[in-house]
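> This is the structure, below, for whatever I ask next.
The values are calculated or read from the model by the stated rules, or taken from the named source; none is laboratory data. Bear in mind the structure is a predicted one, so any value in this text is a computation, not a measurement. Note that each Cβ is placed from the backbone with ideal geometry, even for glycine, and that neighbours are counted across all protein chains shown.
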Amino acid sequence: MYKMLTVDYSKCTGCRLCEVVCSAKKNGSVNPDRARLAIVKWEQACVDMPMICQQCESAPCIMVCPVKALSADERLNRVVINQDLCIGCRFCVAACPFGAMSLDSTIRKVVKCDLCDGEPICVKFCETKALQYEEAGTASAKKMRAAARKVLESMRAG
Amino acid sequence: MRQQEIAYVNLSTGETEKKPIPETMRRKYLGGRGIDVYLLYNHITPGTDPLGPENALTVSAGFLGGTLAPSSGRCHIGAKSPLTGLIGSSNMGGFFAPEMRFAGIDHLVVTGKADHPVYLWINNGDIEIRDASKLWGKDTVETPALIRSDLGDEEVKTICIGVGGENLVRFANVISGLKNAAGRTGMGCVMGSKNLKAIAARGGQDLPVAYTEEALRYLEHLLKLMRENSLLQEQSRLGTAMFQMMMDLIGKVRNRNLQRNQLADGQGLYAENILKFSSGTAACFGCPVHCRHRYQVPEGEYKGQWAEGPEWTTLGALGSEPDCRRMEAVLVGNYLVNKYGVDSLDFGSMYSWAIELYEKGITNETTTGGLKLEWGNEQLIYEMIQRVATRQGFGDLLADGPKRAIEKLGENAAYYNIHVKGMSWLHTDDRMAPSHALGVATASRGADHLRSRPGSDAHMLPPDQGEKLFGFALPGMTGYENSGKLVRWHELIYAISDALGVCKFQALYMSPSVVSFAEYAQLVRRVTGMELSAADLMAVGERICTLERMFNNREGASRDDDMLPERYFTEPTPLGPEGMKGKLIERDKYERLLDEYYAAHGWDNSGLPTGETLARLGLDKEPSRVI
């Protein structure tokens, strides 16, 4: 099983409930700034983009961590952080291409998405299924079928 | 952990002050519209000029705003209204109120007047008054972008006024994002009078949850209830515009001002027509319903500009009322009213009134400044939105709202204006529905449906459901008996939605199977830890409604101000299916309904709360100036 968190940008309504439930579950309080994912908005252009940790296979955050606080967890195909080792240097924050690593201003350590140990709460509460936690093969097949549909439509239109 | 606060800002002196909100006040008023009416009653002296510096403008987040309550993004804005001279009270969705809470502020009280254009910057609890000279004259689409650039922070949330508010249009609204509009009672006009262009907020503070696991489970439960509700499913697909088809078919739309109650070939305005322009639906904060379409203006000068909506209200105000039956035109008009920052309902009603007056020869081209007013003329609608917002020519007269425009045009004109307390009636024709008519007429803020409209009538529930839900038999769509009690019951639940800062579309407006007092009590306990029963919440609702009543009474309102427009008593509906056609409101029965409604609230027959009611609700010492 190789499951991953996926985003269908076209389905996001921008409600930010994912941020709300993520921060509540992780911190016992609602504060989107402390959530481990974010909906990036361009309000005036009607754009909402969910930004998540991609749990990279070759993760820049792991590579730059000087104290080996970050490591790959092959069981859940994720990158995990050991808070006891984290020195809060924020190299990983700088290195992450997606802005998915953040320094939590309350605990003063870097926090990141841990996929809720295999049951991501953001997915559970995403009303339109813009966020899904699915098998890699399934996700790729869905993506391919969606692309095929577009090709088909353009062929028929042509 | 710091407590959420109320911030007081005096724009004349530049002074700001913050105070915590005592728990006793939460128990009595919760937050949002609840705390808001307390602040208005306590900070506005009777007789205050609504456009003077002494008027207080309040901006409030709900008690559950930005939390694990579904759809908790509502923002409430209050002041003494320049449109009605009574309570100003307006509510919108979006993302501003939660952001204000994350910045540590639940309520803002703004008094005074800045000597030049300014905006307020709420930055994690710090409040700064910033120069807005470069923002003055900008529309509601440009303004937020300029503020974000000024502050160097793209995550800032804003509320602002357009040129309508700057020009003191008495029904100017306040806009957040592209279309969230605190539309009613002219709160944008009050901001304009204070030289206050906008308020920006950004915060990163925690809103603690009392029982996280329980609250998450309960949220899941409520979302399931909402997801399984067929009306909400339809609303997710079509937006509130979904109501247009049904209401047109049963003859319940205002057409050609109030001359017809059904459109001739009105299919062009049915919500399905929006779908080909919609690029998907967007949601307010924490809302599973996502009821607004995103679209690009399909034609004309602003073709290609992004917009959201239209709500059914705007579709009716710019479509049904002036008899404009093409969806594309409504989509253009919707963009324009939001861009200029004027309330679509007041605009649509005033404009349709103007056309009827012109048609009847009560006004002429001299009055209108050369304009030939006619039904269905799309270009004229766009032109008049702009003229009203900038107060040019005839637009200047309409921009003053019903009361003042009537004073200028005379008694003949008065009969044709559909308003209550000086605020325009919405886009529905309610002559066949006594409970709806009564609710609109008794609404504390002037003619409005979102203070009490009993959805149960529209859904044609069997009468025995009334016993179960409310403790009395339902009057049905066209019945009188118990309408007063029904309106009062719904006033309480709507007041609670507004005080909690959640969207009332999740409450009983939509369906009896969704959220009611008991569920809200559960939510409040899980999220805030405060133990309140369903009965306690009903009492909060009563307190809010009664204090609003006291605000209006103190400004000189009386039973006369709860009367329907005269036409409701004299002209029967000309169209519609059997049961809806030939209907008007019978005057004597309406008077009895008013008595029933007052009695249900514990007010006497002049609409004054009795001493016993004041004591029971703990309002006998107001104004008490606790906060």
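> Would a scan of region B:470-486 turn up a residue that is touching a Gly at 6+ places or on another chain (Cβ under 8 Å), surrounded by fewer than 20 Cβ atoms within 10 Å (Cβ to Cβ) and not aliphatic (A, V, I, L, M)?
yes
> Also, I was wondering about something else. What residue, among those in region A:120-158 that are touching a residue at least 12 places away in the same chain (Cβ under 8 Å) and in a loop (DSSP other than H, G, I, E, B), is farthest from the other protein chains (Cβ to nearest Cβ)?
Here the answer is A:120.
> Could you check residue B:19 against (1) surrounded by fewer than 21 Cβ atoms within 10 Å (Cβ to Cβ); (2) farther than 30 Å from residue B:537 by Cα; (3) touching a residue at least 40 places away in the same chain (Cβ under 8 Å) and say which number it fails?
Among (1) surrounded by fewer than 21 Cβ atoms within 10 Å (Cβ to Cβ); (2) farther than 30 Å from residue B:537 by Cα; (3) touching a residue at least 40 places away in the same chain (Cβ under 8 Å), the lone unmet condition for residue B:19 is (2).
> Mind checking whether some residue in region B:83-95 is surrounded by fewer than 24 Cβ atoms within 10 Å (Cβ to Cβ), assigned to a loop (DSSP other than H, G, I, E, B) and either touching a residue at least 24 places away in the same chain (Cβ under 8 Å) or hydroxyl-bearing (Ser, Thr, Tyr) (or both)?
yes
> Give the number of residues within region A:30-45 that are out of contact with any Ser or Thr (no Cβ under 7 Å at 6 or more places or on another chain) and either within 7 Å of another protein chain (Cβ to nearest Cβ) or in a strand (DSSP E or B) (or both).
In the first step, residues of region A:30-45 are kept if they are out of contact with any Ser or Thr (no Cβ under 7 Å at 6 or more places or on another chain); the result is A:33, A:36-45.
From what's left, either within 7 Å of another protein chain (Cβ to nearest Cβ) or in a strand (DSSP E or B) (or both): A:33, A:38-45.
Counting residues in region A:30-45 that are out of contact with any Ser or Thr (no Cβ under 7 Å at 6 or more places or on another chain) and either within 7 Å of another protein chain (Cβ to nearest Cβ) or in a strand (DSSP E or B) (or both) gives 9.
> For residue A:73, are the conditions met, namely being without any contact (Cβ under 8 Å) to a residue 12 or more places away in the chain and more than 9 Å from every other protein chain (Cβ to nearest Cβ)?
Against the criterion (without any contact (Cβ under 8 Å) to a residue 12 or more places away in the chain and more than 9 Å from every other protein chain (Cβ to nearest Cβ)), residue A:73 qualifies.
> Next up: Report every pair of residues separated by at least 6 positions or lying on different chains whose Cβ atoms are under 7 Å apart, first residue within region B:588-600 and among the charged types (D, E, K, R), second loosely packed, with under 15 Cβ neighbours inside 10 Å.
Every condition considered, the pairs that remain are B:595/B:605.
> Name the residues in region B:130-170 that are of a type in the set (Gly, Ala, Ser), surrounded by fewer than 16 Cβ atoms within 10 Å (Cβ to Cβ) and either under 18 Å from the mean Cα position of the chain (by Cα) or part of a helix (DSSP H, G or I) (or both), would you?
The one that is of a type in the set (Gly, Ala, Ser), surrounded by fewer than 16 Cβ atoms within 10 Å (Cβ to Cβ) and either under 18 Å from the mean Cα position of the chain (by Cα) or part of a helix (DSSP H, G or I) (or both): B:149.
> With respect to residue A:90, is the statement that it is outside the structural domain of residue A:28 (by TED's automatic domain parsing), more than 26 Å from residue A:48 (Cβ to Cβ) and touching a strand residue (DSSP E or B) at 6+ places or on another chain (Cβ under 7 Å) true? Explain how you work it out, then say what you get.
Numbers: outside the structural domain of residue A:28 (by TED's automatic domain parsing): yes; more than 26 Å from residue A:48 (Cβ to Cβ): yes; touching a strand residue (DSSP E or B) at 6+ places or on another chain (Cβ under 7 Å): yes.
It is true that residue A:90 is outside the structural domain of residue A:28 (by TED's automatic domain parsing), more than 26 Å from residue A:48 (Cβ to Cβ) and touching a strand residue (DSSP E or B) at 6+ places or on another chain (Cβ under 7 Å).
> Next question. Exactly one of (1) closer than 17 Å to residue B:186 by Cβ; (2) surrounded by fewer than 24 Cβ atoms within 10 Å (Cβ to Cβ) is unmet by residue B:77. Its number?
Exception for residue B:77: condition (2).
> Here is a follow-up. Taking residue B:59, is it assigned to a helix (DSSP H, G or I), at pLDDT 95 or above and not basic (Lys, Arg)?
no
> What is the number of the single condition among (1) in contact (Cβ under 8 Å) with a residue 60 or more places away in the chain; (2) outside any loop (DSSP other than H, G, I, E, B); (3) of a type in the set (Phe, Trp, Tyr) that residue B:520 does not meet?
(1)
> If you don't mind, there's one more thing I want to ask. When you check residue A:93 against the structure, is it closer than 27 Å to residue A:28 by Cβ, touching a helix residue (DSSP H, G or I) at 6+ places or on another chain (Cβ under 8 Å) and more than 14 Å from chain B (Cβ to nearest Cβ), yes or no?
Judged against the criteria, residue A:93 is not a match.
> Considering only region A:108-119, state which residues are without any contact (Cβ under 8 Å) to a residue 24 or more places away in the chain and farther than 22 Å from residue A:11 by Cα.
A:108
> Quick one: which of B:492, B:461, B:500 is among the aliphatic types (A, V, I, L, M), surrounded by fewer than 24 Cβ atoms within 10 Å (Cβ to Cβ) and at pLDDT 85 or above?
On the way: B:461 fails: at pLDDT 85 or above; B:500 fails: surrounded by fewer than 24 Cβ atoms within 10 Å (Cβ to Cβ).
So the residue among B:492, B:461, B:500 that is among the aliphatic types (A, V, I, L, M), surrounded by fewer than 24 Cβ atoms within 10 Å (Cβ to Cβ) and at pLDDT 85 or above is B:492.
> Then there is this: Can you pull out the residues in region A:93-107 that are in contact with a strand residue (DSSP E or B) (Cβ under 7 Å, 6 or more places away or on another chain), in contact (Cβ under 8 Å) with a residue 40 or more places away in the chain and not small (Gly, Ala, Ser)?
Listed by number, the residues that qualify are A:98, A:101, A:104.
> Suppose we filter region A:1-29 for residues that are out of contact with any Phe, Trp or Tyr (no Cβ under 9 Å at 6 or more places or on another chain), more than 13 Å from chain B (Cβ to nearest Cβ) and part of a strand (DSSP E or B); how many remain?
The total comes to 1.
> Okay, moving on. Between a first residue in region B:293-304 that is farther than 18 Å from residue A:14 by Cα and touching a residue at least 24 places away in the same chain (Cβ under 8 Å) and a second residue that is of a type in the set (A, V, I, L, M, F, W, C) and in a strand (DSSP E or B), which pairs have beta carbons less than 9 Å apart while being 6 or more apart in sequence or on different chains?
Pairs found: B:297/B:306; B:297/B:307.
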